[in-house]
1. If you go through the stretch 49-84 one residue at a time, how many are at pLDDT below 85 and either polar (S, T, N, Q) or in a helix (DSSP H, G or I) (or both)?
2. Among residues belonging to the stretch 154-186 that are in contact (Cβ under 8 Å) with a residue 40 or more places away in the chain and of a type in the set (Val, Ile, Thr), point out the one that is farthest from LYS202 (Cα to Cα).
3. Within the stretch 113-132, how many residues are of a type outside the set (Val, Ile, Thr), without any contact (Cβ under 8 Å) to a residue 60 or more places away in the chain and assigned to a helix (DSSP H, G or I)?
4. Output the residues belonging to the stretch 195-222 that are polar (S, T, N, Q) and crowded, with 20+ Cβ neighbours inside 10 Å.
Amino acid sequence: MRNRSPKWRIFWEWVQRRLSSLFHPTVPKFLAYGIIVVATLLIIWRWVGNPPFSFYSWNGVGNPPLGTILSTLIMVLATIFALLISLMLVTVQLSASTYTPRVIKLHFNAIHFKGIVFSFLVTIVYLTWRLAQAQHWDVQRCNFAETGFVLFFTSLFLLIPYTWISLRILRPKFLLERLLWDITAEDFRRAAEGRPNKLDEKLQPVIDIIRHAAKEGQLRTVEEAFGAIWQHLGGMVRKSKEESLSNQIALTLSDRLFEIGRFANAQGCF
């Protein structure tokens, strides 16, 4: 009975959404998690144990000083980070002009974007911090230096899942799914009860994408949009089994989809 109360129901839906977002069964996300876990284990092993390998060993005058290597790593990361942000800004801007301006907000609020920015900035700050102390280090092995190398390679490897996820989100099918993901059952409950809600604000980008696809004659995108709507909102109705929720979803979609159908018919798309 406790789980059926409005307070616990809202809380449980929030927990389900967070867990589903964290453990979404996609290869790039699992790849990113694996890279982070391996890097963490390597750092712990370096400080606690004595691994048989080392990224840097001082063997005398023939080896470059550690400070020179760290400064080179900082320049490499800074250059890659600047190029990455510039290219992604251009890509996101083109996608926003094609589909909906909300693509920009979705991308820069996504956990994969925040994660890659955090990884690069933390690594650059750490290497810069240790650079001043490493100018005259001639030690054979150094845990601080080994940690910096692990962070450097971790940031580079994280570029693979980041690019993978970013390009996937910019595709119409996954963009629609991501937009619909923000629409919750609580939004429809608030609309049915006349309380303040953001249902129109969240649903409008989906409608804009369908309208643009219909205008351009992209029937495949329209079909994918209807499929995503049916899967997300239909699943919401089947799980809740609330008559008021079902009625509000039907009322909202009937008004919006009738408008799209009339627009598509006027354009001669169907």
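The values are calculated or read from the model by the stated rules, or taken from the named source; none is laboratory data. Because the structure is predicted, anything quoted here is derived from the model rather than measured. Note that each Cβ is placed from the backbone with ideal geometry, even for glycine, and that neighbours are counted across all protein chains shown.
1. Looking only at that region, the number is 10.
2. Only one residue fits best here, namely THR154.
3. As a first pass, look at the stretch 113-132 and keep what is of a type outside the set (Val, Ile, Thr): 113-115, 118-121, 126-127, 129-132.
Now narrow it down to the ones that are without any contact (Cβ under 8 Å) to a residue 60 or more places away in the chain: 113-114, 118-121, 126-127, 129, 132.
Cutting the leftovers down to assigned to a helix (DSSP H, G or I) gives us 113-114, 118-121, 126-127, 129.
Result for the stretch 113-132: 9.
4. Step one: of the stretch 195-222, the residues polar (S, T, N, Q) are 197, 204, 218, 221.
Listed by number, the list holds a single entry, THR221.
Conditions (1) at pLDDT below 70; (2) touching a helix residue (DSSP H, G or I) at 6+ places or on another chain (Cβ under 6 Å); (3) loosely packed, with under 11 Cβ neighbours inside 10 Å, marked per residue:
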| site | (1), (2), (3) |
| --- | --- |
| PHE11 | no, no, no |
| VAL15 | no, no, yes |
| LEU19 | yes, no, yes |
| LEU22 | yes, no, yes |
| PRO25 | yes, no, yes |
| TYR33 | no, no, no |
| VAL38 | no, no, no |
| ILE44 | no, no, yes |
